[in-house]
Amino acid sequence: MTPSRQDKTRRKPSGGKPQAKPDRPRKGPRSAARGDEPSGHRPAEKQSERRSRQPEPQWIALRSGDRPAERVPSILQSGCADGFHLIDSGHGLKLEQYGDYRIVRPEAQALWPPLLEEKIWANADAIFTGDTDEDGMGRWRFPKGALGETWPLRIMDIDFLGRFTAFRHVGVFPEQVAHWLWMRDTLERTSGRSTNPPKVLNLFGYTGVASLVAAAAGAEVTHVDASKKAIGWARENQALSGLNDRPIRWICDDAMKFIEREERRGNHYDIILTDPPKFGRGPSGEVWQLFEHLPKMLDLCRAILKPDALGFVLTAYSIRASFYSVHELMMETMRGFGGTVESGELVMREAGLSGNEPGRALSTSLYARWLPQ
């Protein structure tokens with residue numbers, strides 16, 4: 001969560017196509033470094049201050065038993081989802097449709113030229129800009145006039161609120177629809193096999209869309225996030241979706257402390273989703289560093305998976321890692337547990353203005369997913 005400089009010069013790309021938008025950051029955010037303020041830990045101090053207090057890696061011991069089967073690389077693609085689609089991308093930017101709004105945001109991995117003309121990009125309703133460095137704070141510009149703080153969105157039959165945050169995010173990460181579809185199908189397929197509903201744990205749960213998908217599919221959900229703001233937003237989304245009667249525990253807590261307590265209590269889950277940020281702080285100042293704490297976190301998650309669990313999903317927004325890094329970590333975490341680990345990247349595919357014109361694939365994050373078979 002580091003702030004970025006901005007290059008306000010306008011240049012024309014090769015091929016005669018104009019720059020996608022003015023005020024383009026010289027160095028956009030790492031697409032794989034989400035860094036939003038309610039992502040499970042609060043954003044913290046400047047990078048120089050962080051370096052002075054780097055935590056020691058929390059290494060884990062080698063487990064006994066055979067490693068799971070594996071499927072690599074596995075690319076999970078999310079396309080259009082109700083009111084969302086990726087329209088175009090290029091020159092470090094992406095043009096997206098979120099409900100009624102067209103939005104331009106930085107996207108460092110969009111290295112190619114945009115397909116659509118500059119006038120289409122310039123006609124966006126909201127453009128994220130500002131003095132930012134990677135995943136730091138910035139500001140929104142509204143070329144057509146001021147917009148409301150929130151607006152209604154819908155994905156997978158879940159109604160929720162979009163919101164223009166200072167960390168460029170709008171309340172949902174649609175690339176994860178691929179995971180949510182798998183989870184919904186799995187829960188619906190296994191419903192009725194037991195008198196008790198399946199239990200889902202959503203760590204770093206952000207605004208609760210995944211939790212609401214799970215609850216709508218019949219699960220008993222525990223949603224954990226370190227941000228009170230995110231929990232409040234998630235509760236708003238629950239009411240908007242008409243799911244107030246569903247069993248969801250909204251817990252504002254440090255993720256590591258919570259799963260440590262769950263292990264001591266002997267609580268177990270059928271599905272665990274974990275979507276940790278690169279860096280953050282818990283509600284009491286607890287420090288989270290992805291590369292230092294991830295092995296221990298996955299080890300604790302394994303300890304609270306049921307022996308006949310339905311799945312375990314890790315999404316990693318960090319360009320510094322290879323998907324093979326999270327794959328091998330998940331393979332070792334699940335050694336002796338059976339099943340299969342599949343790992344790779346989550347991608348969004350451009351769909352043009354109409355939403356049905358398949359275009360280029362934009363990589364958004366790494367993932368590793370354990371499945372029972």
Can you name every residue in segment 322-352 that is among the aliphatic types (A, V, I, L, M), free of Cβ contacts under 8 Å to residues at least 60 places away in the same chain and more than 19 Å from LEU201 (Cα to Cα)?
-> VAL326, LEU329
Out of ARG335, ARG302, ARG320, report the one residue that is more than 17 Å from PRO57 (Cα to Cα), in a loop (DSSP other than H, G, I, E, B) and not aliphatic (A, V, I, L, M).
-> ARG335
Considering only segment 182-215, state which residues are hydrophobic (A, V, I, L, M, F, W, C) and under 20 Å from the mean Cα position of the chain (by Cα).
-> TRP182, MET183, VAL200, LEU201, LEU203, PHE204, VAL209, ALA210, LEU212, VAL213, ALA214, ALA215
Quick one: which of ILE251, ILE271 is among the β-branched types (Val, Ile, Thr), touching a strand residue (DSSP E or B) at 6+ places or on another chain (Cβ under 8 Å), crowded, with 22+ Cβ neighbours inside 10 Å and assigned by TED's automatic domain parsing to the domain that holds LEU201?
-> ILE271
Are any residues in segment 129-145 modelled with pLDDT under 95 and hydrophobic (A, V, I, L, M, F, W, C), and if so, which ones?
-> MET137, TRP140
Of (1) outside any helix (DSSP H, G or I); (2) on the phi < 0 side of the Ramachandran plot, GLY171 satisfies all except one. Which?
-> (2)
Pairs, first not assigned by TED's automatic domain parsing to the domain that holds PRO174 and surrounded by 24 or more Cβ atoms within 10 Å (Cβ to Cβ) in segment 88-104, second part of a strand (DSSP E or B) and among the polar types (S, T, N, Q), C-beta under 8 Å, six or more apart | LEU95/SER89
Filtering segment 300-316 down to residues that are of a type outside the set (A, V, I, L, M, F, W, C) and either more than 14 Å from PHE337 (Cβ to Cβ) or outside the structural domain of GLU342 (by TED's automatic domain parsing) (or both) yields THR315
Just one of the numbered conditions (1) in contact with a helix residue (DSSP H, G or I) (Cβ under 8 Å, 6 or more places away or on another chain); (2) not assigned by TED's automatic domain parsing to the domain that holds GLU262 is not true of PHE204; which one?
-> (2)
Is at least one residue of segment 279-288 in a strand (DSSP E or B), among the basic types (Lys, Arg) and closer than 27 Å to ASP159 by Cβ?
-> no
Say we look at segment 330-373 and pick out the residues that are under 20 Å from the mean Cα position of the chain (by Cα) and β-branched (Val, Ile, Thr); which of these is surrounded by the fewest Cβ atoms within 10 Å (Cβ to Cβ)?
-> VAL347
Could you grab me the full set of residues in segment 179-212 that are under 24 Å from ILE87 (Cα atoms) and surrounded by fewer than 20 Cβ atoms within 10 Å (Cβ to Cβ)?
-> LEU181
Is it the case that some residue within segment 310-319 is on the phi < 0 side of the Ramachandran plot and surrounded by fewer than 17 Cβ atoms within 10 Å (Cβ to Cβ)?
-> no
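The values are calculated or read from the model by the stated rules, or taken from the named source; none is laboratory data. Note that the structure is predicted; figures quoted are calculated from it, not measured. Neighbour counts are summed over all protein chains in view; Cβ atoms, including those assigned to glycine, are modelled from backbone coordinates with ideal geometry.
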